[in-house]
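See below for the structure under consideration.
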Ligand SMILES: [Zn+2]
């Protein structure tokens with residue numbers, strides 16, 4: 001399992017990692033009503049920041065518009 005850990009980053013992100021981190025940004029985004037991550041209960045939680053940094057570092061888009069609207073099927 002640990003070999004497939006998407007948080008293990010070596011410079012470039014695999015398509016799987018890009019998709020995973022984009023999903024993380026959606027799931028851990030601050031709620032517009034509470035202003036905090038609905039999962040972690042804090043604003044800009046570590047998980048969100050980590051995914052954001054990973055995408056930014058790799059120069060990947062924060063979201064793939066073509067994947068939006070396809071429901072919320074997690075990690076697959
Ligand atoms: Zn969170």
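A short reminder: the numbers here are calculations on the coordinates, not readings from a lab. Remember, predicted model here, so these are calculated numbers, not experimental data. Every residue, glycine among them, receives a Cβ derived from its backbone with ideal geometry; neighbour counts consider all protein chains shown.
Label separation (residue 26 vs residue 49): 2.5 nm, computed from points 7 Å beyond Cα along the C-beta direction.
Can you tell me the length gained on complete extension of the stretch residue 12 to residue 64, counting 0.36 nm per residue apart and subtracting the Cα distance? Can you show the working numbers first?
On the way: separation 52, 0.36 × 52 = 18.72 nm, distance 1.72 nm.
Length gained, residue 12 through residue 64: 17.0 nm.
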